[in-house]
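Okay, structure first, notes after.
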Amino acid sequence: MTRISKTVRGSFALIAVSTLLLAACSRDGREMKPPTADQTESIAIATTIAESVAPAQVLTIAAPWLEGQEIDPLFTCEGSKLSPSFDIAGLPQGTIAWGLSIVDQTAANAVHWAAANIDPALSHVDAGVTPAGAVQSLNRVGKVGYAAPCPKVGEPHTYMLTVYALGQQLEVTDGIDPETMLTSLEAGSIGIAATSFVVTR
C-alpha cells in the first residue's frame with residue numbers, strides 16, 4: 001500500500017511539472033498587453049502632395065542646316081555672303097531683349113557677327129537682314145555687322161550660332177569691339193541656345 005501511494009504521488013508530481021512546462025512554452029512573448037492610456041490615441045500620418053509645376057520654357061534655334069553639318073554656300077564668301085536666316089522659340093520669362101553671335105570655333109573664336117538688344121517679339125531672322133533695332137559690334141574684318149565665313153581652301157571650320165535671352169537692355173553701341181559685346185551678352189543672359197555648322201571651301 002505504501003509503495004502504491006508513493007507511485008501515485010510521483011505520477012501526480014510528474015503531471016504537475018509537465019503542466020507547468022506546457023504553460024511556460026505556450027507563452028512566446030507575442031502576447032498582446034492591454035493598451036495604456038496614451039496608446040489609445042489615433043496617430044495621423046501627414047502626407048505631402050507635390051504641387052504640379054509647369055515645365056520651364058526651353059530656348060531653341062531652328063536653322064537651315066543640320067546640327068554640325070555644312071552650311072549653304074549662300075551664307076559664305078563663295079556665295080552671296082548673306083547672314084543666315086533662323087528662327088528662335090522659348091525665350092524665358094523675364095526676357096527684355098535678345099542677342100546673337102556667330103563665332104569661328106576653329107580660328108581662335110573669331111567673331112563673324114554679334115548683336116544685342118533685339119526686340120523679343122521678333123522670332124524670325126531673314127537671310128541677309130539685320131534684325132530691327134539690333135546693336136552690332138565690329139566683326140573679324142573690322143566692320144559692323146556680318147562677315148561671311150571664308151576659311152582657307154580645304155580647311156573646314158566649325159562655327160557656332162548662339163542666341164542669348166537678355167534680362168535687360170545692354171549698354172552697348174554700334175561698332176563696339178566684339179570681345180566686349182560677347183562678354184556683355186554672356187553676363188546679361190538668362191538663357192542661351194546654340195547650334196553649330198561647318199564651312200568647307
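Could you go through the stretch 181-201 and let me know if any residue there is at pLDDT below 95 and among the charged types (D, E, K, R).
Yes - at least one qualifying residue is present in the stretch 181-201.
Return the residues of the stretch 158-183 that are more than 28 Å from PRO64 (Cβ to Cβ), more than 19 Å from the chain's Cα centre (by Cα) and not β-branched (Val, Ile, Thr); say none if nothing qualifies.
GLN168, GLN169, GLU171, GLY175, ASP177, GLU179
Going residue by residue through the stretch 65-75, is there one that turns out to be at positive phi, part of a loop (DSSP other than H, G, I, E, B) and exposed (fewer than 14 other Cβ atoms within 10 Å of the Cβ)?
For the stretch 65-75, residues at positive phi, part of a loop (DSSP other than H, G, I, E, B) and exposed (fewer than 14 other Cβ atoms within 10 Å of the Cβ): present.
Restricting to the stretch 149-186, count the residues that are among the polar types (S, T, N, Q) and surrounded by 20 or more Cβ atoms within 10 Å (Cβ to Cβ).
Adding up the residues that qualify gives 2.
Among (1) modelled with pLDDT of 95 or more; (2) in contact with a Pro (Cβ under 9 Å, 6 or more places away or on another chain); (3) more than 13 Å from THR162 (Cα to Cα), there is one condition LEU100 misses while meeting the rest; what is its number?
The failed condition is (3).
Looking only at the stretch 146-164, which residues are in contact (Cβ under 8 Å) with a residue 60 or more places away in the chain and under 19 Å from PRO73 (Cα atoms)?
Passing the criteria: TYR146, ALA148, PRO149, CYS150, THR158, TYR159, LEU161.
Free of Cβ contacts under 8 Å to residues at least 40 places away in the same chain and of a type in the set (A, V, I, L, M, F, W, C), is that true of ALA110?
yes
Going by the structure shown, is LEU138 in contact (Cβ under 8 Å) with a residue 60 or more places away in the chain, in contact with a helix residue (DSSP H, G or I) (Cβ under 8 Å, 6 or more places away or on another chain), more than 20 Å from THR195 (Cα to Cα) and among the hydrophobic types (A, V, I, L, M, F, W, C)? Step through it out loud before you land on a result.
Working: in contact (Cβ under 8 Å) with a residue 60 or more places away in the chain: no; in contact with a helix residue (DSSP H, G or I) (Cβ under 8 Å, 6 or more places away or on another chain): yes; more than 20 Å from THR195 (Cα to Cα): yes; among the hydrophobic types (A, V, I, L, M, F, W, C): yes.
Spelling it out, it is not the case that LEU138 is in contact (Cβ under 8 Å) with a residue 60 or more places away in the chain, in contact with a helix residue (DSSP H, G or I) (Cβ under 8 Å, 6 or more places away or on another chain), more than 20 Å from THR195 (Cα to Cα) and among the hydrophobic types (A, V, I, L, M, F, W, C).
Among the strands (runs of 3 or more DSSP E) contained in the stretch 84-135, which hold 1 or more residues that are farther than 17 Å from LEU59 by Cβ and of a type in the set (Asp, Glu)?
Details: elements: 86-89, 97-104, 110-118.
Those strands (runs of 3 or more DSSP E) span 97-104.
Confirm whether TYR146 is surrounded by 19 or more Cβ atoms within 10 Å (Cβ to Cβ) and assigned to a strand (DSSP E or B). Lay out the reasoning, then the answer.
Details: surrounded by 19 or more Cβ atoms within 10 Å (Cβ to Cβ): yes; assigned to a strand (DSSP E or B): no.
No, not satisfied.
Could you pull out the residue among ALA132, ALA121 that is free of Cβ contacts under 8 Å to residues at least 12 places away in the same chain and closer than 20 Å to LEU91 by Cβ?
Answer to the selection: ALA121.
For the stretch 86-109, enumerate the residues that are of a type in the set (A, V, I, L, M) and under 22 Å from PRO64 (Cα atoms).
Step one: list which residues in the stretch 86-109 are of a type in the set (A, V, I, L, M), which gives 88-89, 91, 96-97, 100, 102-103, 107-108.
Scanning the stretch 86-109 gives ILE88, ALA89, LEU91, LEU100, ILE102, VAL103.
Go through the stretch 164-201 and count every residue that is in a loop (DSSP other than H, G, I, E, B) and at negative phi.
Adding up the residues that qualify gives 12.
Could you count how many residues in the stretch 76-107 are surrounded by fewer than 18 Cβ atoms within 10 Å (Cβ to Cβ), under 28 Å from the mean Cα position of the chain (by Cα) and of a type in the set (Gly, Ala, Ser)?
4
The values are calculated or read from the model by the stated rules, or taken from the named source; none is laboratory data. The model shown is predicted, which means the values in this text are computed figures rather than measured ones. With ideal geometry, Cβ positions are generated from the backbone for all residues, glycine too; neighbour counts draw on all protein chains shown.
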